[in-house]
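Read through the structure below, which is laid out as structure tokens, and then see the notes.
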Amino acid sequence: MKFPDLPMYAGFQRPGRFEADVRDIEVVQGAIPHDLDGAFYRVGPDPQFPPLLGTDIPLNGDGMVSMFRFENGRAHFRNRWVRTPKFIAEREAGEPLFGAYRNPFTDDPRVANVCGGTANTNVLWHGGKLLALKEDSHPVEIDPITLDTIGPWSYDGALTSETATAHPKIDPRTGSLVFFGYAARGEATNDIAYYEADASGNIVFEKWFEAPYSAMLHDFGVTENYLIFPLFPLVSDLQRLKDGHPYFEWNPEKPMYLGVVRRRDPEAKINWYVGPARFASHTMNAFEQDGKLHVDMPVGDACVFPFFPEINGADFDPDAAVPYVSRWTIDLTSPSTDFSLNRLCDIPGEFPRIDERSSTLGYRYGFVCLQETVQDPTLPGSFTGLRFSKLGRVDHRTGELTTHYVGDASATQEPIFVPRPNSVDEGDGYLLVLVNRYAEMRSDLLILDAQRLDEEPVATLALPLRLRNGLHSTWISGEDLTAAEADHSRLERTHAHTAGRNL
Ligand code: V55
Ligand code: FE
């Protein structure tokens, strides 16, 4: 057992590979507010085994879920891998069996019929289930108390797409879930399947569309009445996959599209608005106003992933890939297929989040990790060479940007907004954020007051361990957790999934 000597497995990004519980995390500054009751869950890639092919891309590690349970002014930590079918097959073999990212032609024949999903991208609490998500496969249900894996979840068979996005949206008016799968009929197909599930988690609407080309569709926009699918030319092709190319390749000669669909309309068609190639990963929010649709995303001129190269062999351009929070606007009253793009923030940033009570609606605040030039060349940067050194709160009403610097030799991971209990005002609550402390090779969890972001944290929790960069996160209220705790059927379902094996 040894990981290759590659930067992606070195330093702070050295695989964590531990499952641990820390009761009562040390609070080294401030105090945990007593009204913070619930749990913060985040997931990220953390490979169980060294790469079968000697190298890999950072998006391909096995999903590792971290949980921070806040209760009575204390916080407890738990870390567990998701027992995906891939994880179980490799653990039982004692060696890696899956090859390149999403490339079944490179897998060991022993796993020819095993799902390769890693459940490493997002966690979602909806319909009484905690789901770990990866956009190339079905969700995997995990136990919100123990973090044990309950098993793949296909909505009782109603999820007919082979895939489901890692960035579904909850409509706060109804509690329903809006989501989609791309490459929905298999690798590199251009089918998009759109679903809505009611607040109890039953799929109640399904409609299929075709994209103008097969490409990554990582996130989307949802408004009260519309969906917006932002399609960028990070293309995929089955023959090229068979020939050993990376799953995605950047083709800036193709246009980008915004595909607009009326929600919950059985007759809905998809209308594609067209523009020059741009790239974005994540949606801050989307909303409709006066016959227009607005979608806010950090947008760059080129693909941000160096490991999905330019299709004609051009070098990766880190400057062109720098993303800025921007707004796409579509005028539904105009026959034109154009859209406009306007920058909303002058500092680069990624990992946008909001007070999700305003999701799909007109909103005021966006929270985002801000990126700045790395002053110290010994510190790791991101793909663009920039460091996530600050959190920012963009006030869309005033245009004001409030920032919080997380310290030297430090970087933020994605924040999450937790509403203050019984509050109604958008943005009234806490911002939780994991901070990488590079000098100590350790992680802190900061609790910030979202309305006083520039002040010192409400509390700093010092973890005795290192949590390598993760991706996305969710919050479960204390009330929902108490109900989950009382439901003992989850333990039986976990046992059924693992068949009593000690995995
Ligand atoms: C992304 C992340 C993924 C993936 C595809 O951030 C796109 C974008 C962690 O996995 O598989
Ligand atoms: Fe994402």
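The values are calculated or read from the model by the stated rules, or taken from the named source; none is laboratory data. Just so it is clear, the structure is predicted and the values come from calculations on it, not from any experiment. Cβ placement follows ideal geometry from the backbone for every residue including glycine, while neighbour counts extend to all protein chains displayed. When the accessible area is computed, the model is the full protein with side chains, heavy atoms only, and any ligands, DNA or RNA have been set aside. Shrake-Rupley method; radii C 1.70, N 1.55, O 1.52, S 1.80 Å.
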Ellipsoid equivalent to the chain - semi-axes via the Cα gyration tensor, in Å: 30, 28, 25
Work out the charge dipole of the range 108-262 with +1 on the Cβ of Lys and Arg and -1 on the Cβ of Asp and Glu about the Cα centre, then indicate which of G151, F209, A183 is farthest towards its positive end. F209
So, R0 is 45 Å and r is the distance between the beta-carbons of A483 and E26; what FRET efficiency does that work out to, to 0.05? 0.90
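Which whole-number value in Å² is the accessible area per residue of the chain, probe 1.4 Å?
Values: 19960 Å² over 503 residues.
On a per-residue basis, the chain sits at 40 Å².
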Over all distinct alpha-carbon pairs, what is the Kirkwood Rh of the range 406-503 in angstrom? 16.2
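Over the Cα atoms of the range 224-347, Rg to Rh with Kirkwood Rh, two decimal places? All intermediate terms of the calculation are to be shown ahead of the outcome.
On the way: Rg = 15.7 Å, Rh = 15.6 Å.
Rounded to two decimals, Rg over Rh is 1.01.
For the chain, what % of the accessible area comes from carbon and sulfur atoms, probe 1.4 Å?
47
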For the range 320-401, just the Cα set please: Rg and Dmax, both in angstrom. 15.4, 53
Give the accessible area for E95 in Å² (nearest 10); use a 1.4 Å probe, count only protein heavy atoms, and leave out ligands, DNA and RNA. 70
What pairs from K207/K292; K207/K390; K129/K390; K129/K254; K292/K390 go past 30 Å between their alpha carbons? K207/K390; K129/K390; K129/K254; K292/K390
Can you tell which of P45, A459, G381 lies farthest toward the positive end of the dipole of the chain, using +1 and -1 charges on the Cβ of basic and acidic side chains (Lys, Arg; Asp, Glu)? P45
Tell me, what are the semi-axes, in whole angstrom and largest first, of the equivalent ellipsoid of the range 2-154 as set by the roots of 5 times the Cα gyration tensor eigenvalues? 30, 19, 11
Would you check the accessible area of E288, probe 1.4 Å, heavy atoms only, in square angstrom rounded to 10? 50
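May I ask you to rank K292, K390 by accessible area, largest first, using a 1.4 Å probe over the protein chains only? List each step's numbers first, then the result.
Working: K292 80, K390 45 Å².
These residues rank, largest area first, as K292, K390.
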At 1.4 Å probe size, put F3, F70 in order of accessible surface, largest to smallest. F3, F70
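Over all directions, average the projected area of the Cα convex hull of the range 292-338 and note it in nm².
Values: hull surface 17.6 nm².
It is 4.4 nm².
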Let's test the formula: R0 of 22 Å, r as the Cβ-Cβ distance of A499 and A93. What FRET efficiency results, to the nearest 0.05? 0.85
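Could you please tell me the mean projected area of the C-alpha convex hull for the range 160-282, averaged over all directions and given in square nanometres to one decimal?
On the way: hull surface 30.2 nm².
Average projection, Cα convex hull of the range 160-282: 7.5 nm².
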Heavy atoms only, probe 1.4 angstrom, no DNA, RNA or ligands counted: give me H138, H282 ranked by accessible area, highest first. H138, H282
